[in-house]
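Asker: Structure in structure tokens, see below.
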């Protein structure tokens, strides 16, 4: 069955690879990216709609949500894939640490602003997380900007952990209304990831030797495609974090902290000025 699938971060890497595969499988794919040129190029290649938004600006996210709501009254799948690891701490125009806003707050805001359209489609919300959620992540709700202990890796790991907690929060709040949610780790993938960071991850992703050991974007996109095309409750379970096609065996233990899941949702809603939580 053909689905309407919105993919953020679709102008490069696994987002672009996933869009190609899903379009080839006959779905209506909507690509969202930060670069107008790259996003338009992908859309022209695939023959699909595209929208441009910079997730470091909440105004862009709100505009994007309005455009998507007007064009697609029903959305079957939302893939929150946009994100990255960045360098020295920097604040966005909205006043938040850039990694926090791009990787978590903006996807949180977009998903909530699209909630009526998602519920109309009995949608799946899919989050691109990372094993970095376990390697580097430890969330302090009172210091989400990491003012006390910033590093590029910690900021990235924290937000990838937030992606999983947001997934679980979506399941708890909206699964009874028909929405399903899952997060996944794509693996270490050949892409431009970490190209503009001081994190040590740039040596893995940005050198010829490191890239020899990285998987292709097509392989990294495989879990995204599996979740997008699959049936929740049959092929996969809502509220889970997947590595390949199985629930992660040893995830960060914070993902089981129900109080933290609730507090992160409430704090995130405050930070994005979301009136309905």
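The values are calculated or read from the model by the stated rules, or taken from the named source; none is laboratory data. The structure presented is a predicted model; accordingly, all values stated were derived computationally and were not measured. Counting neighbours? That spans all protein chains shown, and the Cβs are built from the backbone with ideal geometry, glycine included.
Asker: Taking the conditions exactly as written (part of a helix (DSSP H, G or I), more than 13 Å from the chain's Cα centre (by Cα), at pLDDT 95 or above and crowded, with 23+ Cβ neighbours inside 10 Å), does residue 165 satisfy them or not? Explain how you work it out, then say what you get.
Answerer: Numbers: part of a helix (DSSP H, G or I): yes; more than 13 Å from the chain's Cα centre (by Cα): no; at pLDDT 95 or above: yes; crowded, with 23+ Cβ neighbours inside 10 Å: yes.
Taking the combined requirement at face value, the residue does not satisfy it.
Asker: Please return the ranges of helices (runs of 4 or more DSSP H) entirely within the range 171-241 where 3 or more residues are within 21 Å of residue 119 (Cβ to Cβ) and at pLDDT 95 or above.
Answerer: Details: elements: 201-205, 208-211, 217-229.
Where helices (runs of 4 or more DSSP H) fall fully within the range 171-241 and carry at least 3 residues being within 21 Å of residue 119 (Cβ to Cβ) and at pLDDT 95 or above, they are 217-229.
Asker: Residue 145 - would you say it is surrounded by fewer than 22 Cβ atoms within 10 Å (Cβ to Cβ), in contact with a strand residue (DSSP E or B) (Cβ under 7 Å, 6 or more places away or on another chain) and in contact (Cβ under 8 Å) with a residue 40 or more places away in the chain?
Answerer: Working: surrounded by fewer than 22 Cβ atoms within 10 Å (Cβ to Cβ): yes; in contact with a strand residue (DSSP E or B) (Cβ under 7 Å, 6 or more places away or on another chain): yes; in contact (Cβ under 8 Å) with a residue 40 or more places away in the chain: yes.
Taking the combined requirement at face value, the residue satisfies it.
Asker: Now, a different point. In the set 66, 87, which member is under 19 Å from residue 159 (Cβ atoms) and surrounded by fewer than 18 Cβ atoms within 10 Å (Cβ to Cβ)? Working first, answer last.
Answerer: Values: 66 fails: under 19 Å from residue 159 (Cβ atoms).
Criteria check complete, one pass: 87.
Asker: In the range 120-162, what residues are under 17 Å from residue 186 (Cβ atoms) and not in a helix (DSSP H, G or I)?
Answerer: Answer for the range 120-162, where residues must be under 17 Å from residue 186 (Cβ atoms) and not in a helix (DSSP H, G or I): 124, 125, 126, 127, 128, 129, 130, 131, 136, 137.
The rows are residues; the columns are (1) within 19 Å of residue 72 (Cβ to Cβ); (2) crowded, with 18+ Cβ neighbours inside 10 Å; (3) touching a helix residue (DSSP H, G or I) at 6+ places or on another chain (Cβ under 8 Å).
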site: 13; (1), (2), (3): no, yes, yes
site: 22; (1), (2), (3): yes, yes, yes
site: 28; (1), (2), (3): yes, no, no
site: 39; (1), (2), (3): yes, yes, no
